[in-house]
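The values are calculated or read from the model by the stated rules, or taken from the named source; none is laboratory data. Note that the coordinates shown come from a computational prediction; the quantities given were computed from them, not determined experimentally. Virtual Cβ from ideal backbone geometry, glycine too; neighbours counted across all protein chains shown. These area figures cover heavy atoms from the full protein model, side chains too; ligands, DNA and RNA do not enter into them. Shrake-Rupley method; radii C 1.70, N 1.55, O 1.52, S 1.80 Å.
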Amino acid sequence: MRIAILGAGYVGLVSGACFAEFGVEVALLDTDAARIEALREGRIPIHEPGLDALVAENAREGRLSFTTDLHAALEGAEAVFLAVGTPTRRGDGHADLSFVYAAAEDVARAARQPIVLVTKSTVPVGTGRELKRRVGALRPDLDIAIASNPEFLREGAAIGDFMRPDRIVIGLEEGEAGARAERVLRRLYRPLYLIETPIVTTSIETAETIKYAANAFLAMKISFINEVADFCERAGGDVHDVARGIGLDGRIGRKFLHAGPGYGGSCFPKDTLAFARTGQELGVPLRLVETTIAVNAARKTSMADRVIQACGGDVTGRVIGLLGLTFKPETDDMRDSPSLEIVPRLVAAGARVQAHDPEGIEAARRLLPPEVVYAANALEAASGADALVLLTEWNEYRNIAPDRLRGAMRGDLLLDLRNVYEPAAMREAGFTYHSIGRR
Ligand code: NAD
């Protein structure tokens, strides 16, 4: 079986490599020629654990190829996946669908055989129907079935998530087009239903809504525990124990109950905004989602204030070491990372920021103020610092002996915004230790 995937970013590249690993022949297309060139030369343009080996092996076996030539990519393809970006549209919070529509229209113009056009990008409800209208207008002569197959992988654990997902969601048109799309998608995902992965087959509108509802719910969980953390700080509780105490209840679940500096990344911020925006347009405001967005924005802002206050209310000339810049560990993705909010505020307040991140520095250089100095490792970021702030919970930061960190610093202030350290051990090492939601 042969498929094409348009968009060789986090989702397209991981999906392509995994489908190839399932035995499918995958042509991965991107409009970014430099990206395709890099992939052809065996260079992986993103950091995702295990992806380099998976791509290399499947490219070597001839199942995974890279191209900028749409006609070549569509040659013999039964399904064409759209995995292009859907960033926030400037000004109104809506998802920018221009990449999706452009890619779909290119496919419609170039297609020579009946195809199933599958949206893997996260797109608002109604997009599938609009795609159907657009490709139908361009190619009334050709049988193009539309399907929705939202992706739920997490960066940093993407291959495992793709290979062993909690479920697969497939949104289908009615009638023969839907039946044809279902046959193609079930064949593609056959290795997964052999391991009994549940498949939720539904309408396209429902599939589109499932993706946004899932992300909004997870974002809401994070914002909920962040508010409980603030509550604990005032009331005298420990948010870590509260999270465990409620999370062990199977109805609640333990995941996404880690208090921190607010959610970021390439999905939650833009998807909550787009979901809320669609709700407003449909006349059904999603007030919980709107509040989650506001709570999270305030959270990120308040983190810089928290650092400044811990430094006595004035950071002018103070050296602040930062551990971690990406929105979470095991990725180089800086999109909407809390650091993008916190670092500029610290710099504007007069702090001298020296930051380390194992994978994010290249992207950070383009996004953070030029005054930021980048360190080669955690100890260098701590070197001579008045305060050290842990922003992203990379494993390598967990493993450093606290007295080495403390010994490198000029001051003794440690702000652990991810609650990774043991308060007693940190105090023993001589730190004035602050964490989130714990006294
Ligand atoms: P990305 O920005 O990493 O990659 C998108 C790629 O599409 C880029 O390489 C870009 O050059 C390419 N592209 C743009 N227009 C194109 C066209 N017409 N033809 C071919 N390629 C084109 O994006 P991503 O993070 O992989 O996200 C893609 C979609 O998947 C988004 O809708 C996102 O919301 C969704 N999603 C992302 C994640 C994640 O963790 N990143 C998880 C689930 C779903």
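When the Cα positions of THR278, ILE246, SER266 are compared along the charge dipole of segment 205-439, ILE246 comes out farthest toward the positive end, with charges on each C-beta of Lys, Arg, Asp and Glu. Evaluated with a Cβ-only charge set (Lys, Arg +1; Asp, Glu -1), segment 205-439 carries a dipole of roughly 300 debye about its Cα centre, given to the nearest 20. Stokes-Einstein, applied to the Kirkwood radius of segment 190-271 over Cα pairs at a viscosity of 0.890 mPa s and 25 °C, places its translational diffusion at 164 µm² s⁻¹. A dipole drawn for the chain from +1 and -1 charges on Cβ atoms has a positive end, and of VAL295, GLY178, GLY360 the residue lying farthest that way is VAL295.
Annotation: ASP32 carries an accessible surface of approximately 70 Å², with a 1.4 Å probe and no ligand, DNA or RNA atoms counted.
Compactness of segment 355-439, taken as the C-alpha radius of gyration over 2.2 N^0.38 Å, stands at 1.08. Summary of packing: across the peptides 104-115, 262-273, the per-residue average of other C-beta atoms within 10 Å ranks them, highest first, as 262-273, 104-115.
Out of all Cα-Cα pairs in the chain, roughly what percent, to the nearest whole number, are more than 27 Å apart? Percentage above 27 Å: 56.
So what's the projected area for segment 79-147, the Cα convex hull averaged over all directions, in nm²?
On the way: hull surface 17.2 nm².
Projected over every direction and averaged, the Cα hull of segment 79-147 covers 4.3 nm².
Stretching the chain fully between HIS71 and LEU288 yields a gain of 73.6 nm (0.36 nm per residue, less the alpha carbon separation).
To the nearest 10 degrees, how steeply does helix 127-138 sit against the main Cα axis of the chain, on a 0 to 90 scale? The two axes meet at around 40 degrees.
Can you give the Kirkwood hydrodynamic radius of segment 205-439 from its Cα pairs, in Å with one decimal? Can you show the working numbers first?
Values: mean 1/r = 0.0545 Å⁻¹.
Roughly 18.4 Å, rounded to one decimal.
Here segment 1-82 is treated with +1 on each Lys and Arg Cβ and -1 on each Asp and Glu Cβ, and its dipole about the Cα centre works out to around 20 debye.
Counting alpha carbon pairs within less than 8 Å and at least 6 residues apart, what relative contact order, in whole percent, applies to segment 351-439?
Values: 118 pairs, mean separation 21.7, N = 89.
Reported as a whole number, the value is 24 percent.
Projected over every direction and averaged, the convex hull enclosing the alpha-carbon atoms of segment 14-74 yields 3.8 nm². The trypsin sites (Lys or Arg not before Pro) of segment 1-84 meeting both criteria, a DSSP state outside H, G, I, E and B (loop) and at most 12 other C-beta atoms within 10 angstrom of the site's C-beta, are ARG43.
Under a model in which nothing but the beta-carbon of Lys, Arg (+1) and Asp, Glu (-1) is charged, segment 358-439 shows a dipole of about 180 debye around its Cα centre.
Annotation: peptides 123-129, 423-429, ranked by per-residue average of other Cβ atoms within 10 Å with the highest first, follow the order 123-129, 423-429. Packing around the peptides 79-89, 227-237, taken as the average count of other Cβ atoms within 10 Å per residue, puts them in this order, highest first: 79-89, 227-237. Restricting the calculation to Cα atoms, segment 2-197 yields a radius of gyration followed by a Dmax of 15.8, 46 Å.
Please quote Rg/Rh for segment 321-392 to two decimal places, taking the Kirkwood radius as Rh and restricting both calculations to Cα atoms. Intermediate results must be reported in sequence, preceding the final value.
Values: Rg = 10.7 Å, Rh = 11.8 Å.
Expressed as Rg/Rh, it is 0.91.
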